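S.K.: Sharing a structure below in structure tokens format, with a few things to ask.
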Amino acid sequence: MSPTTLAIIPARGGSKGIPRKNLKDLAGKPLLIWTIEQALATPGLDVYVSTEDAEIAEVAKQAGAEVIERPAELAQDSTATEPVVEHAIDVLTKQDQSPDQVMLLQATSPLRLPHTLERALREFAISDADSMVGVVPEPIFIWQKEPMVTAHYPYQNRPRRQDMTPDQLRYRETGSLYLTKTAIYQRDHNRLGGHIELFVMDPIEGIDIDTPHDFDIAAAELSRLAH
């Protein structure tokens, strides 16, 4: 029997950097809708949006997602994501719909290629992982300035990209996707714990929207992918 998977999309109404960011138009539809539609197109996901905002809730419902009403104390600027996910798990558990695992999707990462979420479920199922984090490949040429200048690669023998060995490769956490057994949230109160695996995504999927310029980049890329 396949595990039940809660796809939870946190989407609060407040945003200091970009007001009403989750409802801001991106390439013809509200930012939030991109992630909802990707999740709904993926077999095996029970798609929920967690929000305290009535307008966001209505937009989510019209798009086909279920809505979990988030209490105001879990919708503050300082609120971490984990308590929001745990609240959703508790709500569903009280409705006898306790999920076996949770796919956390950030609406601010709207670029996901077709079948990415399906691939994540498949890779998680055949692994023995307790949690999985979405990552994109990154150049290894990273330096640290404080407390002293330090290179995090062998600059004395600078490798060519095509010659890099697997142990030299590095990956950046995208924030786009996490897949976690429910028991890890209940035990560790964290989206990552136990045996952690990486879910390697296409570099284009690593775009995260924090600024108006990010919106412009994401809109251009979404337009390109549509053609």
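The values are calculated or read from the model by the stated rules, or taken from the named source; none is laboratory data. If you're wondering where the values come from, they're calculated on a predicted model, not measured in any experiment. No Cβ is skipped: glycine too gets one built from the backbone with ideal geometry, and neighbour counts run over all protein chains shown.
S.K.: Considering each of Met148, Met201, Met132 in turn, give the residue that is within 24 Å of Pro10 (Cβ to Cβ) and out of contact with any Phe, Trp or Tyr (no Cβ under 6 Å at 6 or more places or on another chain). If you could, list the steps in order and put the result at the bottom.
M.R.: On the way: Met148 fails: within 24 Å of Pro10 (Cβ to Cβ); Met132 fails: out of contact with any Phe, Trp or Tyr (no Cβ under 6 Å at 6 or more places or on another chain).
Of Met148, Met201, Met132, the one residue that is within 24 Å of Pro10 (Cβ to Cβ) and out of contact with any Phe, Trp or Tyr (no Cβ under 6 Å at 6 or more places or on another chain) is Met201.
S.K.: Hey, Ala27 hits all of (1) over 16 Å from the mean Cα position of the chain (by Cα); (2) farther than 22 Å from Arg224 by Cβ; (3) among the hydrophobic types (A, V, I, L, M, F, W, C) but one; which does it fall short on?
M.R.: Going through (1) over 16 Å from the mean Cα position of the chain (by Cα); (2) farther than 22 Å from Arg224 by Cβ; (3) among the hydrophobic types (A, V, I, L, M, F, W, C) one by one, Ala27 breaks only (2).
S.K.: How many residues are in contact with a strand residue (DSSP E or B) (Cβ under 7 Å, 6 or more places away or on another chain), aliphatic (A, V, I, L, M) and in a helix (DSSP H, G or I) if we restrict to region 197-221?
M.R.: 2
S.K.: Determine, yes or no, whether Glu55 is among the charged types (D, E, K, R), modelled with pLDDT of 95 or more and outside any strand (DSSP E or B). Steps first, please.
M.R.: Numbers: among the charged types (D, E, K, R): yes; modelled with pLDDT of 95 or more: yes; outside any strand (DSSP E or B): yes.
Yes.
S.K.: What number of residues within region 74-98 are part of a helix (DSSP H, G or I) and touching a Lys or Arg at 6+ places or on another chain (Cβ under 9 Å)? First the steps, then the outcome.
M.R.: First, the residues of region 74-98 that are part of a helix (DSSP H, G or I): 74, 81-94.
Now narrow it down to the ones that are touching a Lys or Arg at 6+ places or on another chain (Cβ under 9 Å): 74, 81-82, 84-85, 87-88.
Of the residues in region 74-98, 7 are part of a helix (DSSP H, G or I) and touching a Lys or Arg at 6+ places or on another chain (Cβ under 9 Å).
S.K.: Taking the condition within 13 Å of Ala11 (Cα to Cα), free of Cβ contacts under 8 Å to residues at least 24 places away in the same chain and not in a helix (DSSP H, G or I), does Val49 pass?
M.R.: Values: within 13 Å of Ala11 (Cα to Cα): yes; free of Cβ contacts under 8 Å to residues at least 24 places away in the same chain: no; not in a helix (DSSP H, G or I): yes.
So Val49 does not fit the description; no.
S.K.: Could I ask something else about it? With the condition kept exactly as written, say whether any residue in region 174-196 is within 21 Å of Val84 (Cα to Cα), assigned to a strand (DSSP E or B), modelled with pLDDT under 95 and not polar (S, T, N, Q).
M.R.: Scanning region 174-196 turns up at least one residue that is within 21 Å of Val84 (Cα to Cα), assigned to a strand (DSSP E or B), modelled with pLDDT under 95 and not polar (S, T, N, Q).
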